[in-house]
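Participant: One structure, pasted below without further comment.
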Amino acid sequence: MSEGAVSADPGAESLSRAAIARVDSSDQLSDVLTLPEHLRDALWRVESAIMQHWDTTAGLVVAGMGGSAIAGALARAALGDHATRPIFVTRAYGLPTWTTPDTTVLCASYSGNTEETLACYESAGALGARRTVVTTGGRLAEMARADGIPVIPLPGGFQPRAAVAYMIVAALEVAALSGAGPRLTSEIDVAASHTEQLVAEWGPDAAEDSLAKQLARSLHGTTPVIAGAGLTTPIAYRWKTQINENAKQPAFFNELPELDHNELAGWEGAQDVGRFAAVFLDDSDAHPRVKARMALTERAIAGSAASSFRLETRGQTSIERVISLVLLGDLVSIYLAALRGVDPGPVNAIDELKEQLAKR
Ligand code: PA5
């Protein structure tokens, strides 16, 4: 089903602010709805933390995990063809072997205590790379301050994944400051206003048959499989991880054109093993062959999927387009949490694993 074909169900459960508040103990909804303000505040924070430009010809590595790492991938997607140096995201205990003193390493950790990111910070120092940090504090801020490394300070009190707009802006600005891409400051500011319109269109005060609410209802009771291509590939991953962490349920992601060479065959047996829903994230500026593939792939799996959707980015600039579908996915994941009756905030499974590891 394409975006315009989502239909209303008059008997559907309300996804009003009050209905969401019943499960959302830490008000994750408000953190999503204030994404435009996060974009603007982040610009100011980067500007006050880093004044000078530098040029590292080997490019930029963004080191982080989970909700902090995704921002690097989204920033790289937003830069697209305008990147002037390699931009690489590492989600691991180490840096790529080609990291040199001519590489900028942005260590991104909301808490400042993620062990993989701390290890990358130390490796970057040992390799003599140019380091920058974005965090709320923790061990990462302590080490950076002791080493005289610039720290972009983030506001506390969010779940790491809810600070995504802050992290995207930090990655984009560090890319520009280090010579890896153009400065997108004014585009980010314009994107904030564009996003405000989408908040009104898809937020909890919108009609019950708004796109975001109808999508959540259609995905409820299914295992969502999200597909992106090019600019939307990291957004598809963001949808998957937001559904995992906010709605506390399995979700998977893949990318085109690759999935047409394997996953497509797997859909044939989908109904034998579960209820899977497919969401294809298209971009208004995608390669025409990719667009054709998305339409054909959606058609090919329609009979096997519990439901299927093809959604398109909204906006003119690449940053507007990236943020548009990040916002939609974040809202859908919160609505799904409400439909499932689960609190979107706490991620006890992740916290417990971190605690167990810390004891080893
Ligand atoms: O969303 C989350 O809570 C996680 O994915 C975290 O972002 C991840 O565990 C890394 O933590 P941090 O962002 O504090 O470095």
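The values are calculated or read from the model by the stated rules, or taken from the named source; none is laboratory data. Because the structure is predicted, anything quoted here is derived from the model rather than measured. Positions of Cβ are backbone-derived with ideal geometry, glycine not excepted, and every protein chain shown enters the neighbour counts. The protein model used for the area step is the full one, side chains on, heavy atoms only, and it has no ligands, DNA or RNA in it. Shrake-Rupley method; radii C 1.70, N 1.55, O 1.52, S 1.80 Å.
Participant: Can you figure out the FRET efficiency of Gln316 with Ala19, using R₀ = 45 Å and their beta-carbon distance, to the nearest 0.05?
Facilitator: 0.85
Participant: Any idea what the dipole of the chain comes to, in debye rounded to 20, about its Cα centre with Lys/Arg Cβ at +1 and Asp/Glu Cβ at -1?
Facilitator: In debye, rounded to 20, the chain gives about 540.
Participant: Mind ordering 174-187, 60-73 by average Cβ neighbours within 10 Å, highest first?
Facilitator: Descending mean neighbour count gives 60-73, 174-187.
Participant: On to the next question. Which listed residue (Ala286, Leu259, Leu311) has the Cα farthest towards the positive end of the charge dipole for segment 241-312, taking +1 on Lys and Arg C-beta and -1 on Asp and Glu C-beta about the Cα centre?
Facilitator: Checked the options; the winner is Leu311.
Participant: Using a 1.4 Å probe, what is the accessible area per residue for the chain, in Å²?
Facilitator: With all protein chains present, the chain gives 41 Å² per residue.
Participant: Got a number for carbon plus sulfur as a percent of the chain's accessible area, 1.4 Å probe?
Facilitator: Percent of accessible area from carbon and sulfur atoms in the chain: 52.
Participant: Under 8 Å for C-alpha pairs, at least 6 residues apart: give me the relative contact order for segment 40-157, rounded to a whole percent.
Facilitator: In percent, rounded to a whole number, it is 27.
Participant: Out of the trypsin sites (Lys or Arg not before Pro) in segment 275-325, which ones are loop residues according to DSSP with at most 15 other C-beta atoms within 10 Å?
Facilitator: Arg275
Participant: Turning to a different aspect of this structure: Between Arg40 and Gln197, what is the FRET efficiency for a Förster distance of 22 Å, r being their Cβ-Cβ separation, to the nearest 0.05?
Facilitator: That pair, Arg40 with Gln197, gives E of 0.90.
Participant: With label points built 7 Å along Cα→Cβ from the Cα atoms of Glu47 and Val342, find their separation and express it in nm.
Facilitator: Once both label points are built, they end up 4.1 nm from each other.
Participant: What does the extension gain come out to for Ala295 and Gln356, with contour length at 0.36 nm per residue minus their alpha carbon separation?
Facilitator: Here the segment from Ala295 to Gln356 would lengthen by 17.4 nm.
Participant: Okay, moving on. Suppose a student asked you for the relative contact order of the chain, using Cα pairs under 8 Å spaced at least 6 residues apart; what percent would you report?
Facilitator: For the chain, the relative contact order is 22 percent.
Participant: Next question, about the same structure. Under 15 Å from a point 7 Å along the Cα-to-Cβ line of Ser304: which residues of segment 256-293 have their amide N that close?
Facilitator: 259-279
Participant: Taking the Cα centre of segment 191-345 as origin, sum charge times position over the Cβ atoms of Lys and Arg (+1) and Asp and Glu (-1), and report the length of that vector in debye to the nearest 20.
Facilitator: For segment 191-345, the charge dipole is close to 200 debye.
Participant: Before anything else, pin down the relative contact order of segment 226-321: Cα pairs under 8 Å, at least 6 apart, normalised by residue count, whole percent.
Facilitator: 30 percent
Participant: Please report, in debye to the nearest 20, how large the charge dipole of segment 266-360 is about its Cα centre when each Lys and Arg carries +1 at its beta carbon and each Asp and Glu carries -1 there.
Facilitator: 180 debye
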